[in-house]
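What follows is a set of notes on a single structure, which appears directly below.
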Amino acid sequence: DDRELHNEIIGLCNSFFIDKKVNYKVYSYYSGEEIIKETDRHIDLVFLDIEMGGIDGLSVMERLEKMPSVLNIVFVSSHHEFAGDAYGYKTLGFIQKPIKETDFNSRIQKVYKRVISDALVVFSDNCGDYHLRKSDIIYLKADSNYCDIHTIQKTIVTSYTLKKCESILGGMPFLRVHRSYLINVNKISNLSGAYINLITKESIPIGKSYKDTALRSYRQYLYEGMSV
């Protein structure tokens, strides 16, 4: 809700992208109520304060985690005591006010790398070609010699095996957690015992033989995403 801070962040974005050959847009929202009502825009990164005039930033974070159009959050606040509460599954980090350009660039660089690497992947079989963005895929399920690809919009049945799909997707953020399941770890809401709960409210079982490796890989992925 701070217009001066908006202008500062826009200036930092312009400096970061000055040597990048990509198009980008910056939108300003001056309250939590504005952003949680956004339904038309795809947003790769939200810079979010904690203390605002209306709904607070932590409550906004909870709402944004349910919005598939918003992918990442970075908190910008002078209230560092809330940093531990600010880590949801979409949160990439916490920047202390006043903003240091090095801190800002380290956070936005993570999102930039994710967006650039979110290439289209192609699954081809006798039914045709399916062009999908990695970020649209929630999980894949093996079904005999077929594989069901569950995306945000629909489920696609392909004649590929799960192993072949895993090879096409090329590793993280896709993680094998069961002999029949390959999940996009960016779609995890939480882990509960022997199950992984996804943002779609679905629960995926963790295979006993995969559990230790899967959890270790997932924690390492989170650590790399949150560290400066």
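The values are calculated or read from the model by the stated rules, or taken from the named source; none is laboratory data. Fair warning: this is a prediction, and the values are worked out from it, not measured in the lab. Using ideal geometry, Cβ is built from the backbone for each residue, glycine included, and neighbour counts are taken over all protein chains shown. All accessible areas refer to the heavy atoms of the entire protein, side chains included, with ligands and DNA or RNA removed. Shrake-Rupley method; radii C 1.70, N 1.55, O 1.52, S 1.80 Å.
Which numbered condition in (1) assigned to a helix (DSSP H, G or I); (2) under 30 Å from Ser124 (Cβ atoms); (3) polar (S, T, N, Q) is the only one that Gln220 fails?
For Gln220, the failing item is (2).
Which of the residues spanning the stretch 52-67 are of a type in the set (Asp, Glu) and either open to solvent by 40 Å² or more (accessible area, probe 1.4 Å) or outside any loop (DSSP other than H, G, I, E, B) (or both)? Before you say what the answer is, go through the steps one by one.
Filtering the stretch 52-67 down to residues of a type in the set (Asp, Glu) leaves 56, 62, 65.
Across the stretch 52-67, the qualifying residues are Asp56, Glu62.
Among the residues of the stretch 140-182, which ones are within 18 Å of the chain's Cα centre (by Cα) and closer than 17 Å to Tyr130 by Cβ?
Leu140, His150, Thr151, Ile152, Gln153, Leu169, Gly170, Phe174, Leu182, listed by residue number.
Identify all residues within the stretch 25-40 that are more than 14 Å from Lys66 (Cα to Cα) and modelled with pLDDT of 90 or more; write none if there are none.
Once the filter is applied, which keeps residues that are more than 14 Å from Lys66 (Cα to Cα) and modelled with pLDDT of 90 or more, the stretch 25-40 yields Lys25, Val26, Tyr27, Ser28, Tyr29, Tyr30, Ser31, Gly32, Glu33, Glu34.
Any residue at all in the stretch 13-32 that's open to solvent by 70 Å² or more (accessible area, probe 1.4 Å) and over 18 Å from Val111 (Cβ atoms)?
No, that holds for no residue.
Using beta carbons and a limit of 6 Å, which pairs, at least six apart or on different chains, have the first residue in the stretch 1-21 and more than 27 Å from Asp56 (Cβ to Cβ) and the second one open to solvent by less than 30 Å² (accessible area, probe 1.4 Å)?
Phe16/Ile108
Please find, within the stretch 210-228, the residue that is modelled with the lowest pLDDT out of those that are surrounded by 11 or more Cβ atoms within 10 Å (Cβ to Cβ) and of a type in the set (S, T, N, Q).
Gln220
So if I check each of Phe94, Phe47, Phe104, Phe75, which one is open to solvent by less than 60 Å² (accessible area, probe 1.4 Å), without any contact (Cβ under 8 Å) to a residue 24 or more places away in the chain and in contact with a helix residue (DSSP H, G or I) (Cβ under 6 Å, 6 or more places away or on another chain)?
On the way: Phe47 fails: without any contact (Cβ under 8 Å) to a residue 24 or more places away in the chain; Phe104 fails: without any contact (Cβ under 8 Å) to a residue 24 or more places away in the chain; Phe75 fails: without any contact (Cβ under 8 Å) to a residue 24 or more places away in the chain.
Being open to solvent by less than 60 Å² (accessible area, probe 1.4 Å), without any contact (Cβ under 8 Å) to a residue 24 or more places away in the chain and in contact with a helix residue (DSSP H, G or I) (Cβ under 6 Å, 6 or more places away or on another chain) holds for just one of Phe94, Phe47, Phe104, Phe75, which is Phe94.
Considering the stretch 84-134 alone, what residues qualify as being closer than 26 Å to Ser159 by Cα, charged (D, E, K, R) and under 21 Å from the mean Cα position of the chain (by Cα)?
Pass one, the stretch 84-134, residues closer than 26 Å to Ser159 by Cα: 117-134.
Remaining after also requiring charged (D, E, K, R): 118, 125, 129, 133-134.
Of everything in the stretch 84-134, those that are closer than 26 Å to Ser159 by Cα, charged (D, E, K, R) and under 21 Å from the mean Cα position of the chain (by Cα) turn out to be Asp118, Arg133, Lys134.
Among (1) assigned to a loop (DSSP other than H, G, I, E, B); (2) under 28 Å from Ile188 (Cα atoms); (3) in contact with a helix residue (DSSP H, G or I) (Cβ under 8 Å, 6 or more places away or on another chain), there is one condition Lys20 misses while meeting the rest; what is its number?
Every condition holds for Lys20 apart from (2).
Does Glu34 fit the bill of being under 27 Å from Val185 (Cβ atoms) and either in contact with a helix residue (DSSP H, G or I) (Cβ under 6 Å, 6 or more places away or on another chain) or among the charged types (D, E, K, R) (or both)?
Details: under 27 Å from Val185 (Cβ atoms): no; either in contact with a helix residue (DSSP H, G or I) (Cβ under 6 Å, 6 or more places away or on another chain) or among the charged types (D, E, K, R) (or both): yes.
Against the criterion (under 27 Å from Val185 (Cβ atoms) and either in contact with a helix residue (DSSP H, G or I) (Cβ under 6 Å, 6 or more places away or on another chain) or among the charged types (D, E, K, R) (or both)), Glu34 does not qualify.
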